[in-house]
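Structure record follows, encoded as structure tokens.
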Amino acid sequence: MNGIKTLFALLILFAPFGAFGAHNMADHGSHSAHTQNSVVSEGEIRGANLEAGTVLLKHGDIEALNMRGMTMQFSVKDKTALSGLKTGDRVVFTLEKEGADIVVTDIRRAP
Ligand SMILES: [Cu+2]
């Protein structure tokens, strides 16, 4: 009997920490997304034009920009960021609003 009581006590003690931890993680993502005008997201390269400095990216939902998952073309602010990347690469990229446009200000292979 005592053993079961102890187990319950432990569950009650630790359960809130688990929930808090998970919540914190999720929260962190949206916080960093709202800092400045930039959003960090992940996707896959579907094509690139190094001369034009454009990249075709398949990305997931980007709530901060009201975008559902899609494949779309972006301009890359610094074309050289595309060198070394190829179609099929998983990437982490940063998007920034520039007037009416959304440009990629950073892109690198996903770790
Ligand atoms: Cu999009």
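Just a few scattered comments:
- Peptides ranked, highest mean first, by Cβ atoms within 10 Å: ranges 86-92, 57-63: 57-63, 86-92
- Interatomic Cα distance distribution for the range 47-87, bins of 10 angstrom, percent: 29, 47, 24, 0
- With the simple spin-label model, which puts each label point 7 Å out from Cα in the Cβ direction, the L65 to T80 separation comes to 2.4 nm.
- Using 0.36 nm per residue and subtracting the Cα-Cα separation, the extra length available between A52 and R109 on full extension is 18.5 nm.
- Ordered by the count of other Cβ atoms within 10 Å of each Cβ, fewest first, E44, E98, E51 give E51, E98, E44.
Only the coordinates and a few stated rules stand behind these numbers; no lab work does. As the structure is a prediction and not an experimental result, all values here were calculated from the model. Cβ coordinates were reconstructed from backbone atoms using ideal geometry, including for glycine residues, and neighbour counts include every protein chain displayed.
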